[in-house]
1. In this structure, is residue B:189 within 28 Å of residue B:68 (Cα to Cα), more than 10 Å from every other protein chain (Cβ to nearest Cβ), small (Gly, Ala, Ser) and open to solvent by 10 Å² or more (accessible area, probe 1.4 Å)?
2. From the residues in the range B:262-297 that are more than 7 Å from chain A (Cβ to nearest Cβ) and acidic (Asp, Glu), which one is nearest to residue B:201 (Cα to Cα)?
3. Which of the residues belonging to the range B:85-107 are part of a strand (DSSP E or B) and over 14 Å from the mean Cα position of the chain (by Cα)?
4. Any residue that is open to solvent by 60 Å² or more (accessible area, probe 1.4 Å) and among the hydroxyl-bearing types (Ser, Thr, Tyr) - is there at least one of those in the range A:188-200?
5. State which residue is nearest to the other protein chains (Cβ to nearest Cβ) when the search covers only the range B:228-260 and only residues that are out of contact with any helix residue (DSSP H, G or I) (no Cβ under 6 Å at 6 or more places or on another chain) and open to solvent by 40 Å² or more (accessible area, probe 1.4 Å).
6. Could you pull out the residue among B:8, B:56, B:25, B:44 that is touching a His at 6+ places or on another chain (Cβ under 6 Å) and open to solvent by less than 20 Å² (accessible area, probe 1.4 Å)?
7. If you scan the range A:223-273, which residues turn out to be assigned to a loop (DSSP other than H, G, I, E, B), more than 7 Å from chain B (Cβ to nearest Cβ) and surrounded by 13 or more Cβ atoms within 10 Å (Cβ to Cβ)?
8. Assigned to a loop (DSSP other than H, G, I, E, B) and within 11 Å of chain A (Cβ to nearest Cβ) - does that describe any residue in the range B:153-164?
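The values are calculated or read from the model by the stated rules, or taken from the named source; none is laboratory data. Predicted model, so just to flag it, every value in this text is computed and none were measured. Every residue, glycine as well, gets a Cβ built from its backbone with ideal geometry; the counts of neighbours run over all protein chains shown. Calculation scope for accessible area: heavy atoms of the full protein, side chains included, ligands and nucleic acids excluded. Shrake-Rupley method; radii C 1.70, N 1.55, O 1.52, S 1.80 Å.
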Amino acid sequence: MEDASQAGLDIVVLVKHVPDAQFDRHIGGEDRTTVREESILSELDEYALEAALQIVEAHGGEAAGHRVTAVTMGPPAAASAVKKALQIGAHAGVHLSDEALAGSDAAGTSRALAAVVSHLGPVDLVLTGMASTDGETSLVPAQLAERLDLPQVTFASSLELEQHGSTWSLTARRDGDVYSETVEATLPAVVSVTDQINEPRYPNFKGIMAAKKKPLTTLSLQDVGVDASEVGLAGSWTSVLTADPRPPRSQGTIISDEGDAGIRIVDFLAAQKLL
Amino acid sequence: MATVLVLIDQPGEALHKSHRELLTIAARLGGAAVAFLGDLNDEISQELGARGVETIYRPASPDVAEFLVAGKAAFLTATVRASSPSAVLLGNSSEAKEIAARAGVQLTSGVITDAVAIGADLTVTKSVLAGSYAVEAKVTTGTPLITVKANIVEVAPAGDGGAPEMVTVDSVIPARAARITGRTAKAASGRPELTEARVIVAGGRGVDGDFTPVEELADALGGAVGASRAATDAGWIEHSAQIGQTGKTVSPQLYISAGISGAIQQKAGMQTAKVIIAVNKDADSPVFEIADFGVVGDLFTVLPQATAEIIKRRS
């Protein structure tokens, strides 16, 4: 771990290829898993990538030996999330691709991702978004910290790193409903960031051209030492029994205000017994 | 039936309504025990007893709360090992989900979040993909850890149970944990919490920096104030008020949307509301597609008129 620090920070950013929320999203098949057509890099992961790039830039850049690796898991198409991350500025990409991963719940996903991070190790910082925009559970960062036995700093809305000799520490702010908290940890650590932490940059032409020369490694479960029974539907600790699309809401009464709309709202509330 | 363990984390002076809902569900599933974090005063322990809780487990070290999630998760794991419950119920806050997440790994147990109903066989009903699908799911491995949304059951009246037994639980905080070094309490608004509120009035781009009519209508209805991302990004209201895909997901009895166009990310946060009322100047706003009652009009005249009418009818 100390060697890695002296050689610069090794930062892993987890990126996920998720169904684009701009379109109707579906659950399909006998497995009742999410249909992954029309997928994109999860919007919330762009904040984690931006946070990684800003840390590198604030501490001497790539020249100081810092390195950002974008990691994803999923079917072949998921590689496009890593490619987008390379275009935005990650230095290398890793794609864990294996048919056995399909249908992994948070337990299976965190098992697979922990194995990838260990395979890449020693890593100083694992950065993630605050949630995936498909599963929306926010369970994976905490489970990753547990599995890797690393400090967990989740929902960071600000993040500062400080170097002390060969070790690094971090200070983060978390804005909850009741408290704002300051959190400190020594690296290595797992950090998830909110959409309040920064303004993600877009890939530019130079970045898109440079990305073509960046290394993108594809790994199998065997490469990272995970048995197929530990991931996917077989390795999940939860099971989806039924999944039914909700009937779409039918449109109700729409009126134009003719000077009494406020009163008509209250009439409607009274009729619905909501007053 | 075996006891269901309820995690109650930092309730303050009194139990929250959401804690009472969890205890109500636990009682229906076979009886409740409580893993308690925070200051336990006499009033709370009496109420827990009256709600049928026979045992309250507390951490041996008060330090558990100083380590982000890891300490609380270690305490919950140790309590599950000590009490062998049939299931664990937690609230649906992001911290509660993460406590469940880590305890789940330690206990080799599945976690299901966002439950809106729990059957006698522990089948969980929840919404996924931003409320567009209803799913039934079940934990297949270990002790089910289920985080439960607020407002899904009527709280049962408290009975006359005796004083609960107090049990202290030892747990080991992982050596590698993040420490909470500072904590500032946010000013209380006096309004209900968004995720617990039965009525929400939310404002968007259309309020143009002035949330007053939204706040006044919310107060007249005893509701919470929410906002679209456009409004929180503009700094018109604090970020914790944000409803939508990157904010809070709510399912109140009544949701009044004012000056929000209703882009898909906003709908994602609120389309499971029971009744939706929308006010927007633009007749083509997507929010009208899902509104039960929609007004094409200026929120600055419509909302104050509604507020005044509510006050008038109640007086």
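1. Answer is yes for this residue.
2. B:282
3. B:87, B:88
4. No: zero hits.
5. Ranking the candidates gives B:253 first.
6. B:8
7. Within the range A:223-273, A:223, A:224, A:226, A:231, A:236, A:260 qualify.
8. No; the residues of the range B:153-164 include none that is assigned to a loop (DSSP other than H, G, I, E, B) and within 11 Å of chain A (Cβ to nearest Cβ).
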